[in-house]
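Written out below as structure tokens is the structure these notes cover.
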Amino acid sequence: MSNSSSSSDPSIVASVSLSGTGQTIELINGNLVEAENIDVIVFSEVSSSVELSGTEVLALGGEEIEKQVKSFISSNGPLDSADKIALVDGGNLKVKHVIFAAGPMWKGGKKNERQIMEEIVNTCLEESNKKQFNSIGFDAMCTDLFGFPTERSAEAIVNAVFNWCHFRSFSYCNTIKIFIHEAEKMKVFAQCLDLAYQAYSNVGKSAPPETTSDDSSIKKRKNEDEAVTLPNQIETNENSGDEDDSDEDANDSFSRDSKRVKGVKKFSRNAAWKRGRHENTILAKSQKSHIHDKSTNMSLVGDTMSISTSIAMDDFTNMNDDANAEDDATNFDMTFL
């Protein structure tokens, strides 16, 4: 990033060259409406109907600019959105064209003011490139009458410019100038431009060693832990299955008795049954526990859980009055998806 001491033009406070995309961004110490040798400038502190009375643009540019603006509004309507701008001739100004855009009033950042400003900057750059303009000028947009904080304005403009340059490699509009005529504002814009250029320069480079403990390394360690944990869980489940063999033997006689049941009766799962059996609901997470008790066998495949269980017939007496008294138990399968 160069400064005015290394430039032939003393008005250039800072300049960055984006070699990868072919654009140059400059901070100029000066007033936007007094710019020279530039194709188009952007004037953003106007209402949607572009009332120019009392503005510097009208004073220096002459009434011809105002006539063109009124004609544009009459034909196209007010500038009521970020993608709607008015492009007119430069009149008596020392630039070829002027773009009018209704910038956002600052309302504490609660109305997407910064996003709207970025969209306006992008629209102006797109229109300039479409018209094959080689250069465009901005100022500290909306920081005077519209009350925009200088920091927010600088972030919005610089961010929008760099984003646009990234997607418009070697475009017609290859010189972007930002005019600042106040020392404090210039300091803020210079710092913002420097930070953005550092980020641009570091794209594709390896991060310093002290910054490697970021999200990517955390995710890598997490994946490794998961890869180790899964076999351990499987082994734990297998071991728990061996420990439960004694329980299965103890339950063997109960299972044989249940198999002798003649004409097993199937019961419908109505709402009353679900409410009555709520206390017997079995909830399990496959990766945390292996469920096995004297009356329940469970197997899990993928996302499907199949439960085979034996429940005493006495639990169903209130459910079905027609159940045979000689039936001691019933078997049924439930599958939860």
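Throughout, read-outs are computed from the coordinates displayed, never taken from laboratory work. Only a predicted model underlies this, so the values are computations on that prediction, with no experimental measurement involved. Methodologically, a virtual Cβ is constructed for each residue, glycine included, from the backbone with ideal geometry; neighbour enumeration extends over all protein chains shown.
If you take the residues in segment 6-62 that are among the acidic types (Asp, Glu) and either assigned to a loop (DSSP other than H, G, I, E, B) or surrounded by fewer than 17 Cβ atoms within 10 Å (Cβ to Cβ) (or both), which one is nearest to the chain's Cα centre (by Cα)? Step through it out loud before you land on a result.
Going residue by residue through segment 6-62, those that are among the acidic types (Asp, Glu) are 9, 26, 34, 36, 39, 45, 51, 56.
Adding the requirement that they be either assigned to a loop (DSSP other than H, G, I, E, B) or surrounded by fewer than 17 Cβ atoms within 10 Å (Cβ to Cβ) (or both) leaves 9, 34, 36, 45, 51, 56.
Details: 9: 41, 34: 39, 36: 40, 45: 29, 51: 37, 56: 39 Å.
The qualifying residue nearest to the chain's Cα centre (by Cα) is 45.
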From 179, 189, which residue is part of a strand (DSSP E or B) and within 21 Å of residue 31 (Cβ to Cβ)?
179
Which numbered condition in (1) assigned to a loop (DSSP other than H, G, I, E, B); (2) more than 25 Å from residue 56 (Cα to Cα) is the only one that residue 129 fails?
(1)
What are the residues in segment 117-157 that are touching a residue at least 40 places away in the same chain (Cβ under 8 Å), among the β-branched types (Val, Ile, Thr) and either surrounded by fewer than 22 Cβ atoms within 10 Å (Cβ to Cβ) or closer than 21 Å to residue 186 by Cβ (or both), if any?
121, 123, 136, 143, 157
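What's the total number of residues in segment 105-116 that are touching a Phe, Trp or Tyr at 6+ places or on another chain (Cβ under 7 Å) and surrounded by fewer than 22 Cβ atoms within 10 Å (Cβ to Cβ)?
Here is the first cut: in segment 105-116, the ones touching a Phe, Trp or Tyr at 6+ places or on another chain (Cβ under 7 Å) are 105-106, 113.
So of that shortlist, the ones also surrounded by fewer than 22 Cβ atoms within 10 Å (Cβ to Cβ) come out as 105-106.
Number of matching residues: 2.
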Take residue 13 and decide whether it is within 17 Å of residue 158 (Cα to Cα), in contact (Cβ under 8 Å) with a residue 40 or more places away in the chain and not hydroxyl-bearing (Ser, Thr, Tyr).
yes
